[in-house]
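Everything below concerns the one structure shown next.
The values are calculated or read from the model by the stated rules, or taken from the named source; none is laboratory data. What you see is a predicted model; the values in this text were computed from it and never measured. When we count neighbours, we look across all protein chains shown, and the Cβ atoms used for this are built from the backbone with ideal geometry, even at glycine. Only protein heavy atoms, including side chains, enter the accessible area calculation; ligands, DNA and RNA are left aside. Shrake-Rupley method; radii C 1.70, N 1.55, O 1.52, S 1.80 Å.
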Amino acid sequence: MNKNQLWQLTKINLLYANPQATSRARQSGKTGRKLTFALLRQYILIGVIFVALYGVTLLGFNLAIQTAVFTKFIALFTLMLVSQNISVINNVFFESNDQGAYLPLPFDQRTIYLAKTIVVQMANLSFAIPILWVFIMTSVHANNWFVSFFIAIILFILYLSLLFLSCTFVVFGLAQTKIFRQHQKMMTLLLLATSFVAMIAAIFLINNTSQTMSANQTGLLGFNLLHEILVNPLNGSSLFFLTIILTTVVLLAFLADRWLFPQLIVEHKSTRTIRKKNKRAGNSRSMKEQLIRYNLKLLQNPTLLMQNFYMTTFPFIMLGAGALSGDGSGISFEHFSLMYFGVFFISGIAISVLSIGPYSLTALGISLDRSNLFFIQTLPISFLVYLRLKFLTMWVLQTLYLLVLTTAVGFWLHITGVNFVALLLGVIWGAYLISLIYFVRDWRLRDLEWGNVTQLFNRGGGTLVSMLVVFGGMIVSGIIITGYFYLIKYTAMPWLINSFFGLIIFASSAGVIWKYQLTFWQKQAEITKN
């Protein structure tokens, strides 16, 4: 294997994995090795943030003794890794559509596969670093910590390899089926959605059993074997389990070499067919209906839908996991009086602010048009009307999904009556305001020549900034909502507090509407006239 080719292919795939971050790094003067390491630092920094948010909370635990805490944490990030693996493997190996470009070049298939594998593992660092952190913490707490520390590194490498190879066989195996080849977009979306939904369900299930695990220190079945290997690495059973993991990884790697490598280029040849569809719209459909259908077709991208689905749901996962870390059965807002309706309304706004970001439909709608945007401007229809229709279409779809999630949370928390209505109204109003902001942002940062939809996700700061905004928003929202709640609870005049917060909401909403709606639409109207 040519190591120079491997390194060059890895750098190329890394550059394409985050083109916007690459562009920003180049603008700052970074080239060559500095550019590569700048991109790597971004993945590592996200992992460090996860360690800071989750790993620091484990410092008060002796993980060598408290098996339940160890298994719960490893299980949570394993599920995240599985979902991330399936998504990234699909994107890098199938959605990239670059295998054909390597056909006339003197690259070995194994080198191409290994380079893509390395990039996938780089993208997995966000969820992998916390697992390494827990492995090391457990080994330090155990006896003979030097040996355990060495075993922790070996086990970490084997564990990541096992997860990656298993997910690779799932994705590649599905790609060989006839139904996948005939309905690739639908099946890809189904695959990603299934893995993500399963991850969410398992996370809540694991958190919901936290009290049982505290009483039973054996932890979750399967993951406690990892704990045994770290705590007692020289034990006969530990060596046996470690041998099984090693043997499985070697066997899967051998099968990958015999089966997956040949499929890379063959799969590209066999599935690259041109399908022509009749796109003529019926004469009975109005122009408005045709434009709505057109905007809906722009969303038929599995990567786009899954990233939007994940980022919109992520705040709910974080809040739900946090709530269930204690005794989730005791959470109920059923008996909260009417005077708390303002708290629930602001909570709804906070949900929208945290859930709608650079991955939302309203933040991508304009750029999804690509060069068609120029064509639409030449049509005998008002471009201003088209933009309004696009915004409303994207906003309605995004808001409906948020309402479904919020309704589920509302039933789970036993929110009733006016407070429940206030929560939903807050979601709707918050979604409208934040969607306006991101819609105008999309126009300002519009990219009509993107090659992969992930380029649009990384505009204006990229994934790191998005995650920081979410976590920072959670802290700020938590402070505001908690302060509002206690002011209502311990103040003799709750109506005065509600009026004060109502004025703040009104003033903030008026500012957003004036800056992002009236001004933007006025500018578009002037452009249309000219």
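Values computed for the structure shown
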{"quantity": "Members of the stretch 130-151 that are under 18 Å from Val48 (Cβ atoms) and open to solvent by less than 30 Å² (accessible area, probe 1.4 Å)", "calculated": "Pro130, Ile131, Val134, Phe135, Met137"}
{"quantity": "Qualifying residue in the stretch 365-372 (condition: surrounded by fewer than 18 Cβ atoms within 10 Å (Cβ to Cβ) and either aliphatic (A, V, I, L, M) or touching a strand residue (DSSP E or B) at 6+ places or on another chain (Cβ under 8 Å) (or both))", "calculated": "no"}
{"quantity": "Number of the condition not met by Ile480 [criteria: (1) modelled with pLDDT under 80; (2) surrounded by 12 or more Cβ atoms within 10 Å (Cβ to Cβ)]", "calculated": "(1)"}
{"quantity": "Qualifying residue in the stretch 361-368 (condition: touching a Gly at 6+ places or on another chain (Cβ under 9 Å) and not acidic (Asp, Glu))", "calculated": "yes"}
{"quantity": "Selection within the stretch 56-79 - in contact (Cβ under 8 Å) with a residue 24 or more places away in the chain, farther than 15 Å from Val140 by Cβ and not aliphatic (A, V, I, L, M)", "calculated": "Thr67, Thr71, Lys72, Phe73, Phe77, Thr78"}
{"quantity": "Residues of the stretch 483-502 classified as among the aliphatic types (A, V, I, L, M) and surrounded by fewer than 13 Cβ atoms within 10 Å (Cβ to Cβ), total", "calculated": "3"}
{"quantity": "Residue under evaluation Val134, criteria (1) among the β-branched types (Val, Ile, Thr); (2) farther than 30 Å from Asn232 by Cα; (3) at pLDDT 80 or above, criterion not met", "calculated": "(2)"}
{"quantity": "Checklist (1) modelled with pLDDT of 75 or more; (2) open to solvent by 20 Å² or more (accessible area, probe 1.4 Å) applied to Glu95, failing item", "calculated": "(1)"}
{"quantity": "Filter result for Met311 (open to solvent by 50 Å² or more (accessible area, probe 1.4 Å), modelled with pLDDT of 75 or more and either hydroxyl-bearing (Ser, Thr, Tyr) or in a helix (DSSP H, G or I) (or both))", "calculated": "no"}
{"quantity": "Matching option when the condition is in contact with a Gly (Cβ under 8 Å, 6 or more places away or on another chain) and either at pLDDT 80 or above or open to solvent by 30 Å² or more (accessible area, probe 1.4 Å) (or both), among Leu234, Leu298, Leu221", "calculated": "Leu298"}
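To keep it simple, each residue is scored yes or no on (1) assigned to a helix (DSSP H, G or I); (2) modelled with pLDDT under 80.
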site: Gly461; (1), (2): yes, yes
site: Tyr484; (1), (2): yes, no
site: Ile488; (1), (2): yes, no
site: Ala492; (1), (2): no, yes
site: Leu496; (1), (2): yes, no
site: Ala507; (1), (2): yes, no
site: Gln517; (1), (2): yes, yes
site: Trp521; (1), (2): yes, yes
site: Ala525; (1), (2): yes, yes
